[in-house]
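Data block below; observations after.
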Amino acid sequence: MSFSATTQINGKTAIISIAGELDAASAPAFRQEIEQAAAANPEHLVLEMSELEYMASAGLRVLIFAKQKMGVNVDVYVVAAQEMVLETLEKTGFDQSVIIADRYDTAVTA
Amino acid sequence: MQSLTVPGKLDSLKPIADFVITASAQVGLDKKAAYKLRLAVDEIATNIILYGYEEAGCEGDIIISAVVDDQQLEIVLEDDAILYDPQQTQAIETAELQRPLAERQMGGLGVYLAIQGVDQFRYERAGNRNRNIFNVKRARASRDCI
């Protein structure tokens, strides 16, 4: 399945839903969505990943870019990531810098 | 042995991935092992394309092949780009993996995931060609039970 990303801005929250396969060929499209979302100066960045089947290090580099572009005070939520995507985030220590959650609403109120 | 030749361009990542997924299915690798092998091959192929060919201003092909025996699946990536040994790139250290993202360097993650993702990874330079070799043992589940 090819990669797709859609962005929705709700007040101070930017929600980007990413789906398909995120590799070096598709990472620029993801980065573009991040740049667009950053322009709205959100306080929360929610990455909805339930349909993301694959993520290479090119995707990890976009997450680094997001954190560095939006600033350390922006909370990044990784929501509903599939098992192997989650394993990559854990193995590389990214789970220490983002908030991993099954659902965004419960993550915020928890 | 099966093999496939593709141009050293980012568009080729998809056929390379499909090749690995098909080979993994043929030898019955479990879902996790198959994903990690695909990731490993994808990361090294990306480096060959971006650094070996594009950044060096060269064009060329990547040949991917699969060799199967009773014990393992071996995937080989072969290219004639500039000399590039992933094992000689700066190894990512544990301290770097614990650093907050805001302070992270961009490099090194792909090679780290590649080496971690397979049972054995090795690099060979043969004449003007780079060979990156990935080995994954078959029947991992039964071995883990012993």
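Every read-out reported here was derived from the displayed coordinates using simple, explicitly stated rules and does not represent laboratory data. These numbers were taken from a predicted model, which means no experiment stands behind them. Positions of Cβ are generated from backbone atoms using ideal geometry, with glycine treated the same way; all protein chains shown enter the neighbour counts.
Over all directions, the projected convex hull of the C-alpha atoms in chain A averages 6.0 nm² in area.
Applying a DSSP loop filter and a limit of 13 other Cβ atoms within 10 Å to the GluC sites (Glu not before Pro) in region B:1-109 leaves B:Glu55, B:Glu59, B:Glu93. Coordinate range of the alpha-carbon atoms in region B:2-145 per principal axis, descending: 42, 38, 26 Å.
Using 0.36 nm per residue of separation minus the Cα-Cα distance, give me the extension gain between B:Arg131 and B:Ala25 in nm, one decimal.
Difference between extended and current length: 35.8 nm.
Among the GluC sites (Glu not before Pro) in region A:7-44, those placed in a DSSP loop whose Cβ has at most 15 other Cβ atoms within 10 Å are A:Glu43. With kT/(6 pi eta Rh) evaluated at 20 °C and eta = 1.002 mPa s, and Rh the Kirkwood radius from Cα pairs, the protein assembly as shown diffuses with a coefficient of 112 µm²/s according to Stokes-Einstein.
Enter the mean number of other protein chain beta carbons within 10 Å of the beta carbon of each residue in B:36-43, as an integer.
Taking the mean over all residues of the peptide, I get 4.
Candidate cross-link partners of B:Lys14 among the aspartates and glutamates, defined by an alpha-carbon separation under 15 Å and a same-chain spacing of 8 or more, comprise A:Glu21, A:Asp23, A:Glu53, B:Asp42, B:Glu43, B:Asp61.
Rounded to the nearest 500, the 222 nm mean residue ellipticity of chain A from helices alone is -11000 deg cm²/dmol, with -39,500 (n - 2.57) taken per DSSP H run of at least 4 residues. Not counting the cut sites, what is the longest span of chain A without trypsin sites (Lys or Arg not before Pro) that DSSP labels loop and that have at most 14 other Cβ atoms within 10 Å? After excluding every exposed loop site, the longest remaining stretch is A:13-102. Identify, among A:Met55, A:Ser97, A:Met70, the residue whose Cα sits farthest towards the positive end of the charge dipole of chain A, taking +1 on the Cβ of Lys and Arg and -1 on the Cβ of Asp and Glu, with the dipole about the Cα centre. Farthest towards the positive pole: A:Met70.
Structural descriptor for chain B: relative contact order 29 percent, calculated from alpha carbon pairs under 8 angstrom and at least 6 residues apart.
Annotation: lysines with alpha-carbon distance below 19 angstrom to A:Lys91 (same-chain offsets under eight excluded): A:Lys67, B:Lys31, B:Lys32, B:Lys36.
Distance from the Cα centroid of region B:15-31 to that of region B:51-73 is 15 Å (rounded to whole angstrom).
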